[in-house]
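All remarks here apply to the structure that follows.
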Amino acid sequence: MIKILANAMVTVMKTVAIVKYDKLNKETIIVTLDGNSQVVAQKPFKVISYWCLENGSSIQGRIDAFRYALNARQKCCIYVNDYTLLMPTTSLSNDDCIYINYHALYSYHQVDQQKTSLIFFNGQKEIINFNYRIINKQFKRSKAYLQYLEEKRRNFQQWMF
């Protein structure tokens, strides 16, 4: 079960770049910013659920908050913590979904009609089989969500003091 890897999973959560599922081997591959990968014998949703719980909320709570803030229904980004905001490329229930950490992503470029090159802050590059439009839309939605959260924090601080 995932509890066995608790310490390693929390460490990886802080440096995650991409989370993807290997359907053939039925395991999640977590690519980190140090260029390493960690493999977990669980689906990505379960791994991300664990990360959310480690940060004080359920994954459903994170999804509901995103939906509420942006009035979104599909491909909800998952705010795990201040350094992990995961942008899904498809529906969360789709095994082909790749989760990209917004905070780790430096830039992205269209390779061809169905491929996008991701460049992370450490210079690491990854080419994924998803259209540039999808990545661009998710990036903008993530940015809007962070702006929403920042505005709420500012309003709360003004109210408190």
Exercise for review: Extending each Cα 7 Å along its Cβ direction at PHE156 and LEU24, get the distance between those two points in nm, one decimal.
Suggested key: 4.5
Review point. What translational D, rounded to a whole number of µm²/s, comes out for the chain from Stokes-Einstein when the hydrodynamic radius is the Kirkwood one over Cα pairs, at 4 °C and 1.567 mPa s?
Key: 80
Point to revise | Cβ charges +1 (Lys, Arg) and -1 (Asp, Glu), total dipole of the range 2-160, debye | key: 420
Study note, to complete from the structure: Given the candidates TYR106, ASN81, ALA144, the one whose Cα lies deepest towards the positive end of the charge dipole of the chain, counting +1 at each Lys or Arg C-beta and -1 at each Asp or Glu C-beta, is ALA144
Practice item. Pop out the ³J(HN,Hα) list for the range 52-61 in order, Karplus 6.51 cos²θ - 1.76 cosθ + 1.60 with θ = phi - 60°, rounded to Hz; leave Gly and Pro as x. Key: 4, 4, 4, 10, x, 8, 7, 5, 5, x
Study note, to complete from the structure: Taking the range 43-109, the whole-percent share of alpha-carbon pairs separated by over 20 angstrom is 22
Exercise for review: Could you work out the relative contact order of the range 2-160, using alpha carbon pairs under 8 angstrom and six or more residues apart, expressed as a whole percent?
Suggested key: 17
Check your understanding: Taking R0 as 25 Å, what's the FRET efficiency between ALA144 and SER57 from their Cβ-Cβ distance, rounded to 0.05?
Key -> 0.80
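None of the figures in this text is laboratory data; all of them are computed from the coordinates on show. Values in this document were obtained by computation on a predicted structure and should not be read as measured data. With ideal geometry, Cβ positions are generated from the backbone for all residues, glycine too; neighbour counts draw on all protein chains shown.
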